[in-house]
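Just below is one structure, and these are the notes that go with it.
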Amino acid sequence: MNTLTIRRLSERVGAEIIGVDRDTLLDDKTLPDHVLELLEEHGVLVFRDLHLDARTQVAFARTLGDIDTSPGHHAVEGIYRVSLDTAKNTSASYLRATFDWHIDGCTADGDIHPQHATILSAHAVAARGGETEFASTYDAYDALGDDEKTDLLGLRVVHSLEASQRLVTPDPTSEQLAVWRARPPKVHPLVWTHRTGRRSLVLGASTDHVVGKDTDESRALLDDLLRRCTRADRVYRHTWSVGDTVIWDNRGVIHRAAPYEPDSEREMLRTTVLGDEPIQ
Ligand SMILES: [Fe+2]
């Protein structure tokens with residue numbers, strides 16, 4: 001295969017992959033396994049100047065696993081258009097919740113597990129804001145003291161769409177509430193023990209409360225863990241240029257977008273590689 005150069009982007013999360021271009025992305029049959037290994041190791045992979053078109057992005061995503069093909073406000077199946085412009089994405093108002101730290105797919109319907117990998121390519125960037133920040137939830141777990149690890153191991157947390165939407169829409173209409181509540185909450189362990197044996201914390205905007213703890217104690221614990229997990233020195237902040245593609249691993253990374261103007265031309269194309277690992 002081509003020789004790849006791996007350049008770490010921060011001390012704890014993220015690496016830039018140098019040596020791949022769009023024209024050869026699909027040719028190298030060893031690349032997908034290599035990308036998946038690097039994703040497991042670094043949590044976030046950045047490819048600059050890739051300039052992926054939608055179809056190539058979907059074809060590459062399929063080499064990494066099964067993908068989400070539900071409608072995404074875009075002509076190409078497997079692409080979801082991320083834009084705050086309601087003319088381009090009629091569900092744009094929901095995307096404001098991505099300004100808070102979250103795991104993609106943490107409150108998905110039914111038996112669907114958190115998404116394995118999210119692939120995002122920049123087709124237009126915001127004049128101000130719109131950076132994406134990442135923090136490792138593996139690292140956050142590893143940094144806990146032994147007693148704290150023991151205390152957290154048995155805890156279970158209710159996650160809901162309502163919890164994440166309330167952060168950006170604190171005074172919802174009854175119609176909004178009804179839509180949010182139509183998606184049933186999910187209960188996940190706070191500590192995710194992965195098939196690999198690694199452990200991560202399951203945190204973010206969708207956390208409603210810890211089962212069996214009162215509201216204040218519950219919120220204080222979840223907020224404290226999230227604050228420590230996302231301390232500035234633990235975060236990689238990606239400033240987008242047109243042509244960048246970033247892939248992250250939702251099993252061990254939380255992320256958020258920095259706010260940007262609703263009329264911004266920022267447009268990202270997302271493809272989701274489905275997860276097959278329950279939070280357990
Ligand atoms: Fe997201």
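Quick notes
- Counting only protein heavy atoms and a probe of 1.4 Å, the accessible surface of the chain is 48% carbon and sulfur.
- Summing charges over neighbours of residue 132, with a neighbour being any other residue whose Cβ is under 13 Å away from its Cβ, gives -1 when K and R count +1 and D and E count -1.
- Selected from 268, 76, 250, residue furthest toward positive end of dipole (the chain; charges at beta carbon): 268
- Lys, Arg +1 and Asp, Glu -1 on Cβ, resulting dipole of the chain about Cα centre, debye, nearest 20: 140
- Think of each Lys and Arg Cβ as +1 and each Asp and Glu Cβ as -1; about the Cα centre, that makes the dipole of segment 132-280 roughly 380 debye.
- Magnitude of the charge dipole, segment 25-133, Cβ model with Lys/Arg +1 and Asp/Glu -1, debye to 20: 540
- A helix-only calculation puts the chain at -7000 deg cm²/dmol for mean residue ellipticity at 222 nm, using -39500 (n - 2.57) for each DSSP H run of at least four residues, averaged over all residues.
- Those lysines that a straight Cα-Cα span of less than 27 Å connects to residue 149, excepting residues fewer than 8 apart in one chain: 186, 213
- Ratio Rg/Rh [Cα only; Rh per Kirkwood] for the chain: 0.95
- Percent antiparallel among DSSP beta bridges (both partners in the chain, rounded to 5): 95
- Residues with amide H under 5 Å from that of residue 267, placed H, sequence gap 5 or more: 123, 124, 125
- Signed unit charges on C-beta, dipole axis of the chain, positive-most listed residue 177, 90, 150: 177
- Rounded accessible area of residue 263 (nearest 10 Å², 1.4 Å probe): 130
- Counting only protein heavy atoms and using a 1.4 Å probe, the accessible area of residue 112 comes to about 90 Å².
- For segment 78-92, backbone phi angles converted through the Karplus equation (6.51, -1.76, 1.60; θ = phi - 60°) give residue-by-residue couplings of x, 10, 10, 8, 9, 7, 7, 7, 5, 6, 9, 8, 5, 9, 4 Hz, Gly and Pro being listed as x.
- Computed over protein heavy atoms with a 1.4 Å probe, the accessible surface of segment 5-273 works out to 46 Å² per residue.
The values are calculated or read from the model by the stated rules, or taken from the named source; none is laboratory data. As the structure is a prediction and not an experimental result, all values here were calculated from the model. Neighbour counts are summed over all protein chains in view; Cβ atoms, including those assigned to glycine, are modelled from backbone coordinates with ideal geometry. With ligands, DNA and RNA removed, areas are computed over all heavy atoms of the protein, side chains included. Shrake-Rupley method; radii C 1.70, N 1.55, O 1.52, S 1.80 Å.
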